[in-house]
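Below is one structure, written out as structure tokens; the observations come after it.
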Amino acid sequence: MDGKRIVLGVTGGIAAYKSPDLVRRLKERGAEVQVVMTDGAREFVTPLTFQAVSGREVRSDLWDKAAEQAMSHIELARWADLVLVAPASADFLAQLAGGMAGSLLSTVCLATSAPIAVAPAMNRLMWSNPATQSNVATLRARGVHVVGPASGSQACGEVGEGRMVEPADLADAALALLPVKGPLSGKRVLITAGPTRERIDPVRFISNRSSGKMGYAVAQAAREAGAEVVLVSGPVNLCAPVGVRKVCVETAAQMHDAVMAEVDAADIFIATAAVADYRPAQPADCKIKKTCDHLDVPMERTVDILAAVAQRENRPFVVGFAAETNDVEAHARAKLERKNLDLIAANEVGDSKVFEQDDNAIVLLWADGGRQELGAGPKTLLARRLVAFIAERSGATAT
Ligand code: CTP
């Protein structure tokens, strides 16, 4: 968020006591924060608190001549890279949905071209009231990002949906909404990652040692390069990088379906997943008991997701990975041709190589003998180099 400018709107609700902490979380992430309070918010927290944590004078009054002369409400609306309203009261959501401009904050929201996010916070019945829900639906349809609310115990003593999302999570959500400028700005990147699990019986499955680290690093690098990223992931112990939409799957068939649901919108497809090539042909309904010395589990082929995407008529730029134990480049080049890919990233795998490790070594291959070494190093570094290369090459292919 370095240098990113956020207008933080604070409206009247008890959750406003958490907003000074939100200012700190945003600033920790490098943002400049200008707080705009409504009259209701001032009943809960003093402007002095926000001034102390934000380092900027708080704005509240649309009719404050001195403040307007320094930076008018229109300049404030232009200044913002993001307008975040937290907490957003039921009343403020109604004002925003109705296009009202009676307060400084609602005027800034009307006059800005920056993304707007709201973090609703109110009593659970106020939240579920059809009037509030209709306002929220209107805002969503207009592209306003609605973050939360969370569920739990409420200040009014009730339990339910209506709590403001916690400040650290809100700050991460804000980070994800800020437009990122980079070589992949405006591009949509679809990535598969991690292993798949193929069911043998209700308690057993066949899987592999993929940790998902490479795929998640590629997703983060693509997001850092400005892309809108969807990550279709098998079961791994990793959190989605900030700003990346994650779709969780378990089996190869589910991964295939999730990819097919997203691929039409994708400009670039990167298959890093270690998809099972075979699955038990008839998974048992009950746990298999050890009644004999040998167990044969008949297997059948899974669908090749990468090849299926590459076969499509209006296909994205298609990148595959080849994990090989021997003759790495020869096998990878054969895969590039067989699956009709635009690019393949080849790496050598073995007992102590690549799987579950933080480091990797990659060679890129493409048609007509094209070859480039990305070198060896942390997967995060190689992912950035790979994404930079894909950005250049996919652009070159498109023109
Ligand atoms: N892949 C896929 N769907 C599958 C199998 C593989 O999308 N069912 C993708 C992987 O994500 C990877 C590439 O295909 O990008 C290479 O996978 P790999 O299993 O190594 O290659 P195969 O073509 O299956 O060849 P082989 O098993 O003979 O090495």
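Scanning segment 272-289 for residues that are within 28 Å of LEU231 (Cα to Cα) and among the small types (Gly, Ala, Ser) turns up ALA273, ALA274, ALA276, ALA281. Residues of segment 278-297 that are touching a strand residue (DSSP E or B) at 6+ places or on another chain (Cβ under 6 Å) and either within 16 Å of the ligand (Cβ to nearest atom) or open to solvent by less than 100 Å² (accessible area, probe 1.4 Å) (or both): TYR278, ARG279, PRO280, ALA281, PRO283, ALA284, ILE288, VAL297. Close Cβ contacts (under 6 Å, 6 or more residues apart or on different chains) running from residues in segment 271-283 that are basic (Lys, Arg) to residues that are more than 6 Å from the ligand (Cβ to nearest atom) comprise ARG279/GLU198. The condition of being in the same structural domain as GLY143 (by TED's automatic domain parsing) and surrounded by fewer than 16 Cβ atoms within 10 Å (Cβ to Cβ) holds for only one of ALA168, ALA173, that being ALA168. Only one of the numbered conditions (1) under 16 Å from the mean Cα position of the chain (by Cα); (2) in a helix (DSSP H, G or I); (3) not basic (Lys, Arg) is not met by MET255, and that is (1).
Taking segment 266-277 as the range and being near the ligand (Cβ under 9 Å from one of its atoms) and of a type outside the set (D, E, K, R) as the test, the residues that pass are ILE270, ALA271, THR272, ALA273, ALA274, VAL275, ALA276. Just so you know, in segment 241-254 the residues that are open to solvent by less than 50 Å² (accessible area, probe 1.4 Å) and modelled with pLDDT under 95 include one that is farthest from ILE305 (Cα to Cα), and it is GLY243. Would you confirm whether or not segment 70-81 contains a residue that is among the aliphatic types (A, V, I, L, M) and touching a Gly at 6+ places or on another chain (Cβ under 9 Å)? So far as segment 70-81 goes, no, none of its residues is among the aliphatic types (A, V, I, L, M) and touching a Gly at 6+ places or on another chain (Cβ under 9 Å). In summary, ALA276 fulfils each of the numbered conditions (1) within 30 Å of GLY377 (Cβ to Cβ); (2) small (Gly, Ala, Ser); (3) not in a loop (DSSP other than H, G, I, E, B) with the single exception of condition (3). Would you be able to say whether some residue in segment 230-240 is open to solvent by less than 60 Å² (accessible area, probe 1.4 Å), outside any helix (DSSP H, G or I) and under 22 Å from LEU364 (Cα atoms)? Among the residues of segment 230-240, at least one is open to solvent by less than 60 Å² (accessible area, probe 1.4 Å), outside any helix (DSSP H, G or I) and under 22 Å from LEU364 (Cα atoms), which makes the answer yes.
Check whether at least one residue in segment 73-89 is free of Cβ contacts under 8 Å to residues at least 24 places away in the same chain and in the same structural domain as GLY162 (by TED's automatic domain parsing), and report yes or no. There is at least one residue in segment 73-89 that is free of Cβ contacts under 8 Å to residues at least 24 places away in the same chain and in the same structural domain as GLY162 (by TED's automatic domain parsing).
Mind telling me which of the residues SER185, SER207 ends up being within 21 Å of PHE389 (Cα to Cα) and open to solvent by 30 Å² or more (accessible area, probe 1.4 Å)? After applying the criteria, what remains is SER185. Looking at the structure I just gave you, is VAL108 touching a helix residue (DSSP H, G or I) at 6+ places or on another chain (Cβ under 7 Å), at pLDDT 95 or above and not assigned by TED's automatic domain parsing to the domain that holds VAL275? So VAL108 passes the test. Taking GLU68, is it open to solvent by less than 70 Å² (accessible area, probe 1.4 Å), free of Cβ contacts under 8 Å to residues at least 60 places away in the same chain and part of a helix (DSSP H, G or I)? Yes. Looking only at segment 115-142, which residues are without any contact (Cβ under 8 Å) to a residue 40 or more places away in the chain and closer than 22 Å to PRO167 by Cβ? Hits for segment 115-142 are ILE116, VAL118, ASN123, ARG124, MET126, TRP127.
Across segment 204-213, the qualifying residues are those that are more than 16 Å from the chain's Cα centre (by Cα) and not in a loop (DSSP other than H, G, I, E, B), and the one among them that is farthest from GLN254 (Cα to Cα) is ARG204. Comparison of GLU337, GLU329 shows that the only residue that is in a helix (DSSP H, G or I) and open to solvent by less than 70 Å² (accessible area, probe 1.4 Å) is GLU329.
State yes or no: is ALA52 open to solvent by 10 Å² or more (accessible area, probe 1.4 Å) and of a type in the set (A, V, I, L, M)? Yes, satisfied. How many residues does segment 304-326 contain that are part of a loop (DSSP other than H, G, I, E, B), more than 6 Å from the ligand (Cβ to nearest atom) and surrounded by 13 or more Cβ atoms within 10 Å (Cβ to Cβ)? Result for segment 304-326: 3.
The values are calculated or read from the model by the stated rules, or taken from the named source; none is laboratory data. Computed from a predicted structure; not experimentally measured. Note that each Cβ is placed from the backbone with ideal geometry, even for glycine, and that neighbours are counted across all protein chains shown. With ligands, DNA and RNA removed, areas are computed over all heavy atoms of the protein, side chains included. Shrake-Rupley method; radii C 1.70, N 1.55, O 1.52, S 1.80 Å.
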